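Shown next, in structure tokens, is the structure this report addresses.
The values are calculated or read from the model by the stated rules, or taken from the named source; none is laboratory data. Everything quoted here is computed from the prediction, not taken from an experiment. A quick note on method: Cβ atoms are made from the backbone with ideal geometry, for glycine too, and the neighbour counts reach across all protein chains shown. What goes into the accessible areas is simple: the full protein's heavy atoms, side chains included, and nothing from ligands, DNA or RNA. Shrake-Rupley method; radii C 1.70, N 1.55, O 1.52, S 1.80 Å.
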Amino acid sequence: MDTPSVKVLYIDDEEHNLQAFKASFRRQYEIYTATSAAAGLLILQNIDINVIIADQKMPETTGVQFFKSIKDTYPDPVRILLTGYTDIEALADAINHGDVYRYITKPWSDLELHNSIKNAYDAYKAKIDLRNKVSELEKTNDELNRFIYSISHELRAPLVSVIGIVNLVKMEGLYNSSGEYWNLIEICSNKLDFYIQKTLQYYKNNKNVAEHSPVEFEILVSELISLYSYSDRDTQFNVKINQPVGFYNDAFRIEVILGNLINNAIKYQKSTEPNKFVNIDIDVDVQRAEITISDNGIGILNDHLEKIFNQFFKSKNHHGSGLGLFIVKEALTRINGKIEVTSDLAIGTTFKITIPNGKAT
Amino acid sequence: MLIDDNDIDLKINGKIVAFTKTFEDIVVCRSGEEALNYLKQHLTTPERLPEFILLDIQMPEMSGFEFLDHYKKLPVSFTEGCNIAMLSSTLDFSDIQRAEANPYVVKLLKKPLIPAVLQEVVKEHLQR
């Protein structure tokens, strides 16, 4: 036989049934027999059985009881119940609780039993194959994620050296010595660094299980504003925060969410607008935090509103990574938050976010 | 003292440190081992020992954190007069926490090193 041998365990208190089974099937299968549930369990503990056949009517433990007892410890072998009489209750019980694949009445026909074992083994194999595939995929996915992480770090190390050199050039007063070349190098380097940081954010967001930590919006928002308004000092920030109670959720993800939105609000301003502003309103209670971030920037085309949260979606005229809002959406999904957006090309854009308040642990 | 496996970063950070004009002498080491050897050799000549160490985290063989494990075995007479700032291009929050939780480390500085940031740390921790 070139097919791998199928390991069948047959449990029956009547010795002559075991003998008959062996006589009929020993050429096709690797057969193990036991005269009681206890003896059957002993075999299960030592051998990787593929198919279990058990007689329903046995002293001490019935077939269904046996299947129930091994449901969690040995979930893989496929079960066939054998019974000499039609017992609807046992049948229902077997299907509902014993995870039984087939039900066969005694005396069995060799052909029927053979087909059942064959099908049962196919089901067993499908189950195992699927599980292997899933774990293979998980492993590949994990490797891919770690690859993103390490490659981002490797890419960033020499990049920060370049930025360091530009800083030195500034210190030594050579920044304007070659026309605008140093300035262009600095702009490109910062942009590349921005992409790498976004990639790392994406990785971290993918990886971590949500954690529970206290969030002080007052502190967080002022830190984020000073971080992102570094490159643009024209924008007026109007921050209104009402946080009378403690707020608990994933601080890292909330930082990522607010950081991306604030950064966008600054980045996508109208260059001709004399009074650029960004309004940030945060209202916290024991149930949730409601955050509204609105600006009088360039706005988003109606056609684009549905797509802005898609990965790698970019509008033609504005340079983004196509990752920012996608990461925002992903992060929100992981902490059970919601986001809505309204926009008008004449007025600006408003993002409204709701994040549930987790309990302090 | 600068400890970094990357020659370019050593050059850049050396210049930035020189720019702060706080230090008379800069010792450059290309690995944690080299730095430890230098420190051990000069334990008896305190004038050649550093008061401030800039330590890179990501280095082959001996990482910055491993260096610290060896460093803490050095005599207290030296270590109490010396401050360490770690240096990294990491954006990893756990690295930052881990570095600043170490009793010998005054701060984790991010690469690229900004002269003003370095100056602030030096001013805060180097009273003379």
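Confirm whether residue A:203 is part of a helix (DSSP H, G or I) and either of a type in the set (D, E, K, R) or not assigned by TED's automatic domain parsing to the domain that holds residue A:288 (or both). The answer is yes for residue A:203.
In this entry, residue A:145 is excluded by the filter for residues that are within 14 Å of another protein chain (Cβ to nearest Cβ), at pLDDT below 90 and either surrounded by 13 or more Cβ atoms within 10 Å (Cβ to Cβ) or under 30 Å from residue A:359 (Cβ atoms) (or both). Counted as qualifying within region A:1-109 are the helices (runs of 4 or more DSSP H) with 3 or more residues that are open to solvent by 50 Å² or more (accessible area, probe 1.4 Å) and touching a residue at least 12 places away in the same chain (Cβ under 8 Å), namely A:63-69. Residues in region B:103-116 that are open to solvent by less than 30 Å² (accessible area, probe 1.4 Å), within 10 Å of chain A (Cβ to nearest Cβ) and either of a type outside the set (D, E, K, R) or on the phi > 0 side of the Ramachandran plot (or both): B:112, B:113, B:115. Taking the listed residues B:66, B:80, B:51, B:100, the one that is under 12 Å from the mean Cα position of the chain (by Cα) and open to solvent by 70 Å² or more (accessible area, probe 1.4 Å) is B:51, with no other qualifying. Checked against (1) touching a residue at least 24 places away in the same chain (Cβ under 8 Å); (2) more than 10 Å from chain B (Cβ to nearest Cβ), residue A:181 meets all criteria but (1).
Identify, by number, the condition in (1) within 17 Å of residue B:29 (Cβ to Cβ); (2) modelled with pLDDT of 90 or more; (3) more than 14 Å from chain A (Cβ to nearest Cβ) that residue B:75 doesn't meet. Checking residue B:75 against (1) within 17 Å of residue B:29 (Cβ to Cβ); (2) modelled with pLDDT of 90 or more; (3) more than 14 Å from chain A (Cβ to nearest Cβ), the one that fails is (1). You will find that of A:85, A:32, the residue that is assigned by TED's automatic domain parsing to the domain that holds residue A:12 and under 30 Å from residue A:132 (Cβ atoms) is A:32 and no other.
Considering region A:265-282, and only residues there that are in a loop (DSSP other than H, G, I, E, B) and in contact (Cβ under 8 Å) with a residue 40 or more places away in the chain, the residue that is surrounded by the fewest Cβ atoms within 10 Å (Cβ to Cβ) turns out to be A:268. Only residues that are open to solvent by less than 30 Å² (accessible area, probe 1.4 Å) and either among the acidic types (Asp, Glu) or part of a strand (DSSP E or B) (or both) were counted in region A:344-361, giving 6. When you scan region A:32-48, do you find a residue that is within 37 Å of the chain's Cα centre (by Cα) and within 16 Å of residue A:120 (Cα to Cα), even just one? Yes, that holds for at least one residue.
If only residues of region A:283-300 that are aliphatic (A, V, I, L, M) and within 13 Å of residue A:350 (Cα to Cα) are counted, the one that is surrounded by the fewest Cβ atoms within 10 Å (Cβ to Cβ) is A:298. Scanning region A:314-332 for residues that are at pLDDT 90 or above and open to solvent by 70 Å² or more (accessible area, probe 1.4 Å) returns a single hit, A:329.
One line per residue, one yes/no per condition, for (1) part of a loop (DSSP other than H, G, I, E, B); (2) within 14 Å of chain B (Cβ to nearest Cβ); (3) open to solvent by 50 Å² or more (accessible area, probe 1.4 Å); (4) without any contact (Cβ under 8 Å) to a residue 60 or more places away in the chain:
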{"position": "A:211", "(1), (2), (3), (4)": "yes, yes, yes, yes"}
{"position": "A:219", "(1), (2), (3), (4)": "no, no, yes, yes"}
{"position": "A:224", "(1), (2), (3), (4)": "no, no, no, yes"}
{"position": "A:227", "(1), (2), (3), (4)": "no, yes, yes, yes"}
{"position": "A:238", "(1), (2), (3), (4)": "no, no, yes, yes"}
{"position": "A:241", "(1), (2), (3), (4)": "no, no, no, yes"}
{"position": "A:253", "(1), (2), (3), (4)": "no, yes, no, no"}
{"position": "A:258", "(1), (2), (3), (4)": "no, no, no, yes"}
{"position": "A:263", "(1), (2), (3), (4)": "no, no, no, no"}
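Please determine, by comparing only the residues of region B:13-33 that are of a type in the set (D, E, K, R) and not in a loop (DSSP other than H, G, I, E, B), which one is nearest to residue B:59 (Cα to Cα). Across region B:13-33, the extreme among qualifying residues is B:33. Note on region B:78-102: residues that are without any contact (Cβ under 8 Å) to a residue 40 or more places away in the chain, within 14 Å of chain A (Cβ to nearest Cβ) and closer than 21 Å to residue B:17 by Cα total 3.
Of all residue pairs spaced 6 or more apart or on separate chains, those with beta-carbon atoms under 6 Å, a first member in region B:8-35 that is facing chain A (nearest Cβ under 10 Å) and a second member that is modelled with pLDDT under 90 and open to solvent by 30 Å² or more (accessible area, probe 1.4 Å) are B:19/A:171. Of all the criteria given as (1) surrounded by 14 or more Cβ atoms within 10 Å (Cβ to Cβ); (2) within 14 Å of another protein chain (Cβ to nearest Cβ), the one not satisfied by residue A:173 is (1). Here's a check for you: in region A:229-270, which residue that is under 23 Å from residue A:206 (Cα atoms) and of a type in the set (Gly, Ala, Ser) is modelled with the lowest pLDDT? Out of the qualifying residues, it is A:251.
Criterion applied to B:74, B:54, B:87, B:43 was being in contact with a Pro (Cβ under 7 Å, 6 or more places away or on another chain) and not in a helix (DSSP H, G or I), and the one residue passing it is B:43. Residues in region B:1-28 that are aromatic (Phe, Trp, Tyr) and open to solvent by less than 60 Å² (accessible area, probe 1.4 Å): B:23 only.
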